[in-house]
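Peer 1: Input: one structure, supplied below.
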Amino acid sequence: MQPIQIGEIPDEIGEYLKNINSIKFPRQGYTSDVGIIHNHQGSYVLKRTKGEWFCSLLKREVSVLNCLAKETKLLIPKVKLFVEQKQNSQCWALFEFLQGDTIRLALKDEKNKETRQEIIFNFGKLLADIHSTPCPEELIPNKNWLEQMISQAHSNLINNEVDGTKELLEQVIKHRPDHYKQTFIHGDFTIDNVLVSNGKITGVIDWGSGAYGDPRYDVSLAIRPKPNVFENEIEKQIFFEGYGENMIDDKIYDYFVNGLYEFF
């Protein structure tokens, strides 16, 4: 089944793309339908979200990317168009297509030890670069990031399908960690959201959770063990060598990965 039919694409985006040669569908996430579109000019990524919550996430991603495009040199996709269809509660965003595979795919069958280690080292270094990037003023909230996340976790538990439970949320509230110096964060920094080509990082995608927040959250999500990636301590050590330090322990990791993240 194709999640996006060409006939569904809004007129504004259709006019921008003109003749579409093909549309392919990569591995889909939970929050949006994604198509990779090819035309005579090049390639683009088209996202569609449905419903108030998922539309709000896409709106925020567009906002974050527009802020970053003006104020930073991070490897991000440019926003081409954003269309909101309030009548059927849908939002569409057209992005620049960035070349490369996700780090998950790049490491899946990579047997060369040096190549693997270089990719993982650069994955950590990239995150350090993100965290050292001054946060655009528009993304700095009045409320503490963790307080906002806990409030959103409660809302998600009530209104959306999440893995977390009422009991887990109570533990997240009760055992929140000590305050840590806030930085600009990606908010979903995983091996699925960083692209690599020929061993070199080419881009970072899915910026809907970009914020001024706790960098330990990004670090914790980054090193979650996945099949054939971060399944041993050596790869985690290499990541932290690239990042420049290790500011988390098992307790902090567990709080963010097995606690807070279960509601997002």
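The values are calculated or read from the model by the stated rules, or taken from the named source; none is laboratory data. This one's a predicted model, so the numbers in the text were calculated from it and none came from an experiment. In this analysis, Cβ positions are derived from the backbone assuming ideal geometry, glycine residues included, and neighbour counts consider all displayed protein chains. Just the protein is used for accessible areas: all its heavy atoms, side chains included, with ligands, DNA and RNA removed. Shrake-Rupley method; radii C 1.70, N 1.55, O 1.52, S 1.80 Å.
Peer 1: Output the number of residues of the stretch 135-174 satisfying the condition of being polar (S, T, N, Q), closer than 16 Å to Asp214 by Cα and assigned to a loop (DSSP other than H, G, I, E, B). Before you say what the answer is, go through the steps one by one.
Peer 2: The first filter runs over the stretch 135-174 and keeps only residues polar (S, T, N, Q), leaving 142, 144, 148, 151-152, 155-156, 159-160, 165, 171.
From what is left, the residues that are closer than 16 Å to Asp214 by Cα are 142, 144, 148, 151-152.
If we keep only those that are assigned to a loop (DSSP other than H, G, I, E, B) as well, we get 142, 144.
Number satisfying all stated conditions: 2.
Peer 1: With the requirement that a residue be outside any helix (DSSP H, G or I) and not basic (Lys, Arg), what does the stretch 56-84 give you? Spell out the reasoning first.
Peer 2: Applying the first criterion (outside any helix (DSSP H, G or I)) to the stretch 56-84 yields 72-84.
Answer for the stretch 56-84, where residues must be outside any helix (DSSP H, G or I) and not basic (Lys, Arg): Thr72, Leu74, Leu75, Ile76, Pro77, Val79, Leu81, Phe82, Val83, Glu84.
Peer 1: A further question on this structure: Which of the following residues is under 21 Å from Tyr16 (Cα atoms) and over 16 Å from the mean Cα position of the chain (by Cα): Phe82, Phe95?
Peer 2: Working: Phe95 fails: over 16 Å from the mean Cα position of the chain (by Cα).
After applying the criteria, what remains is Phe82.
Peer 1: Additional query: Are there any strands (runs of 3 or more DSSP E) wholly within the stretch 191-264 with 3 or more residues that are open to solvent by 20 Å² or more (accessible area, probe 1.4 Å), and if so which?
Peer 2: Passing ranges, in order: 200-204.
Peer 1: With the checklist (1) open to solvent by less than 80 Å² (accessible area, probe 1.4 Å); (2) within 27 Å of Lys200 (Cα to Cα); (3) touching a helix residue (DSSP H, G or I) at 6+ places or on another chain (Cβ under 7 Å) in hand, flag the one item Leu157 doesn't pass.
Peer 2: (2)
Peer 1: Name the single residue that is least open to solvent (accessible area, probe 1.4 Å) among those in the stretch 99-152 being within 16 Å of the chain's Cα centre (by Cα) and of a type in the set (Asp, Glu).
Peer 2: The extreme case among them is Asp129.
Peer 1: Would you confirm, using the coordinates I've provided, whether Glu118 is in contact with a Cys (Cβ under 6 Å, 6 or more places away or on another chain) and either at pLDDT 95 or above or among the hydroxyl-bearing types (Ser, Thr, Tyr) (or both)?
Peer 2: Details: in contact with a Cys (Cβ under 6 Å, 6 or more places away or on another chain): no; either at pLDDT 95 or above or among the hydroxyl-bearing types (Ser, Thr, Tyr) (or both): yes.
So Glu118 fails the test.
Peer 1: Here's another thing I want to ask about it. From the residues in the stretch 70-89 that are open to solvent by less than 70 Å² (accessible area, probe 1.4 Å) and modelled with pLDDT under 95, which one is farthest from Ile37 (Cα to Cα)?
Peer 2: Thr72
Peer 1: Would you pick out the residues in the stretch 161-185 that are open to solvent by less than 50 Å² (accessible area, probe 1.4 Å) and touching a residue at least 60 places away in the same chain (Cβ under 8 Å)?
Peer 2: Initially, the stretch 161-185 is screened for residues open to solvent by less than 50 Å² (accessible area, probe 1.4 Å), giving 162, 164, 168-169, 172, 177, 182-185.
Val162, Gly164, Leu168, Leu169, Val172, Pro177, listed by residue number.
Peer 1: Among the numbered conditions (1) in contact (Cβ under 8 Å) with a residue 12 or more places away in the chain; (2) under 28 Å from Met247 (Cα atoms), tell me where Glu137 comes up short.
Peer 2: Tallying (1) in contact (Cβ under 8 Å) with a residue 12 or more places away in the chain; (2) under 28 Å from Met247 (Cα atoms), Glu137 fails exactly one: (1).
Peer 1: Considering each of Lys59, Lys125, Lys113 in turn, give the residue that is under 25 Å from Asp11 (Cβ atoms) and of a type in the set (D, E, K, R). Can you show your working first?
Peer 2: Numbers: Lys125 fails: under 25 Å from Asp11 (Cβ atoms); Lys113 fails: under 25 Å from Asp11 (Cβ atoms).
One residue alone meets the criteria, Lys59.
Peer 1: What are the pairs with Cβ atoms under 6 angstrom where one residue, in the stretch 34-50, is farther than 11 Å from Ala93 by Cβ and the other, located anywhere, is in a loop (DSSP other than H, G, I, E, B) and modelled with pLDDT of 95 or more? Sequence gap at least six, or different chains.
Peer 2: Ser43/Phe97
Peer 1: Going residue by residue through the stretch 61-74, is there one that turns out to be β-branched (Val, Ile, Thr) and more than 15 Å from the chain's Cα centre (by Cα)?
Peer 2: Here is the first cut: in the stretch 61-74, the residues β-branched (Val, Ile, Thr) are 62, 64, 72.
So of that shortlist, the ones also more than 15 Å from the chain's Cα centre (by Cα) come out as 72.
The answer is yes; a qualifying residue exists.
Peer 1: How many of the residues making up the stretch 12-53 are assigned to a helix (DSSP H, G or I) and open to solvent by 70 Å² or more (accessible area, probe 1.4 Å)?
Peer 2: As a first pass, look at the stretch 12-53 and keep what is assigned to a helix (DSSP H, G or I): 12-17, 52-53.
Next, only the ones that are open to solvent by 70 Å² or more (accessible area, probe 1.4 Å) stay: 12, 15-16, 52-53.
The number of residues fulfilling the criteria is 5.
Peer 1: Follow-up. Exactly one condition in (1) of a type in the set (Asp, Glu); (2) surrounded by fewer than 18 Cβ atoms within 10 Å (Cβ to Cβ); (3) modelled with pLDDT of 95 or more is false for Glu61; which is it?
Peer 2: (2)
Peer 1: What residue, of Val172, Val204, Val219, Val162, is hydrophobic (A, V, I, L, M, F, W, C) and farther than 30 Å from Glu137 by Cβ? Explain how you work it out, then say what you get.
Peer 2: Working: Val172 fails: farther than 30 Å from Glu137 by Cβ; Val204 fails: farther than 30 Å from Glu137 by Cβ; Val219 fails: farther than 30 Å from Glu137 by Cβ.
Every option except Val162 fails the conditions.
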